[in-house]
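Structure first, then comments.
The values are calculated or read from the model by the stated rules, or taken from the named source; none is laboratory data. Since the structure is predicted, the reported quantities are computational estimates derived from the model, not experimental observations. So basically every Cβ, Gly included, is an ideal-geometry build from the backbone, and we count neighbours across all protein chains shown.
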Amino acid sequence: MELRILGIHHVTAIAGNPQQNIDFYTGLLGLRLIKVTVNFDDPGTYHFYFGDDMGRPGTIMTFFPWPGAPRGRRGTGQVTTVAFSISGESLSFWEERLRAAGIAAAGPVARFKEQVLSFFDPDGLQLELVANKDDRRSGWAEGPVPAEHAIRGFYGVTMSIAGYERSASLLTEILGFRKVAESDSCFRYAVGEGSPGSLVDILSLPEAPRGQVSVGTIHHIAWRTANDEQQLGWREKLVDQGYNVTPVQDRQYFHSIYFREPGGVLFEIATDSPGFTVDESPEQLGTGLKLPAWLERQRQQIERVLPPLRMPASARER
């Protein structure tokens with residue numbers, strides 16, 4: 001069996017105020033709130049999933065909100081930037097949209113022949129919008145952003161690493177990536193056809209401080225694999241290479257394994273299936289708190305602990 005990584009599955013970050021997080025990613029960025037659930041390892045914490053209309057792998061940005069927690073520190077051993085893909089004609093729209101919302105954006109600047117707009121979310125997480133003509137995906141057409149300008153999904157991520165060579169070797173020698181570009185201390189890798197959603201930049205920062213995970217930082221990045229058989233193959237291969245890999249975890253909407261890459265970034269390999277419609281219809285995605293069967297008996301206790309939420313208008317209307 002040929003093992004294949006298909007690109008980015010999802011990226012998970014730490015937020016502060018949960019309502020502010022929902023309002024920013026649905027109201028300003030125009031992503032769909034796909035799922036409201038809890039951190040299965042810490043059920044007193046929400047877990048939000050944002051993405052396209054169905055939460056397809058490669059579009060899913062997720063958050064654990066930690067109200068009252070301090071800001072984290074961006075640094076080495078982390079994914080430090082998340083880049084979303086937009087159409088090649090949408091930069092001026094997004095410049096104006098961010099400006100009208102009081103969001104200071106840098107750029108657009110050229111990077112690897114593409115135009116990039118950079119800004120921060122309310123918790124200090126660095127985001128980018130990359131304009132390109134190769135993304136054939138459709139954004140969420142029923143959100144507040146016109147369909148032609150909607151975010152298509154991930155473009156790529158940037159990992160900040162103190163010594164990048166061993167991280168690069170994992171990508172190229174084990175996970176099937178290849179180096180496609182470099183500029184100064186930034187090295188770009190791609191998997192598959194190298195389309196948006198399959199790219200990772202490694203920023204070599206040997207003198208930078210180590211990052212600290214808390215509000216405004218990335219917790220982990222998940223890579224796509226097609227099914228459980230592929231995932232078990234990846235687990236066996238990684239263990240054979242000396243990596244400490246978790247057993248398979250049931251995350252309700254996908255299955256996951258986790259390990260640390262050599263630079264310290266937490267990697268996950270997640271299955272494409274079963275998807276987010278296992279407990280909600282496509283029309284009802286993101287409209288209520290969903291719990292896995294093993295936590296359902298604790299629903300009342302969990303709901304007492306979680307802060308109340310005001311759902312996006314698009315969700316309330318469904």
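Scanning the range 217-262 for residues that are closer than 24 Å to Asp121 by Cβ and part of a loop (DSSP other than H, G, I, E, B) gives Thr217, Arg251, Tyr253. Among the residues here, Leu170 qualifies as assigned to a helix (DSSP H, G or I), touching a Pro at 6+ places or on another chain (Cβ under 7 Å) and surrounded by fewer than 21 Cβ atoms within 10 Å (Cβ to Cβ). For the range 142-158, which residues satisfy the criterion of being more than 14 Å from the chain's Cα centre (by Cα) and not in a helix (DSSP H, G or I)? Selection gives Glu142, Gly143, Pro144, Val145, Pro146, Ala150.
Could you tell me whether Gly139 is of a type outside the set (A, V, I, L, M, F, W, C), in contact (Cβ under 8 Å) with a residue 24 or more places away in the chain and not in a loop (DSSP other than H, G, I, E, B)? No. Tallying residues that are of a type in the set (A, V, I, L, M, F, W, C), part of a helix (DSSP H, G or I) and crowded, with 21+ Cβ neighbours inside 10 Å within the range 25-46 yields 0. Among residues of the range 42-73 being within 19 Å of Ser256 (Cα to Cα) and of a type in the set (A, V, I, L, M, F, W, C), the one that is nearest to the chain's Cα centre (by Cα) is Met61. Filtered by the rule that a residue be aromatic (Phe, Trp, Tyr) and either assigned to a loop (DSSP other than H, G, I, E, B) or closer than 11 Å to Arg32 by Cβ (or both), the range 53-70 gives a lone residue, Trp66. Can you name the residue in the range 193-212 that is closer than 24 Å to Asp123 by Cα and over 15 Å from the mean Cα position of the chain (by Cα) and, of all such residues, is surrounded by the most Cβ atoms within 10 Å (Cβ to Cβ)? The qualifying residue surrounded by the most Cβ atoms within 10 Å (Cβ to Cβ) is Ile202. The listed residues are Glu142, Glu114, and the only one of them that is farther than 30 Å from Pro262 by Cβ, of a type in the set (Asp, Glu), surrounded by fewer than 22 Cβ atoms within 10 Å (Cβ to Cβ) and at pLDDT below 95 turns out to be Glu142. Note on the range 186-216: residues that are of a type in the set (A, V, I, L, M, F, W, C), touching a Gly at 6+ places or on another chain (Cβ under 7 Å), closer than 19 Å to Gly263 by Cα and in a strand (DSSP E or B) total 2.
Evaluating Val248 against the criteria (1) in contact with a strand residue (DSSP E or B) (Cβ under 6 Å, 6 or more places away or on another chain); (2) without any contact (Cβ under 8 Å) to a residue 40 or more places away in the chain; (3) within 28 Å of Gly75 (Cα to Cα) leaves one unmet condition, (3).
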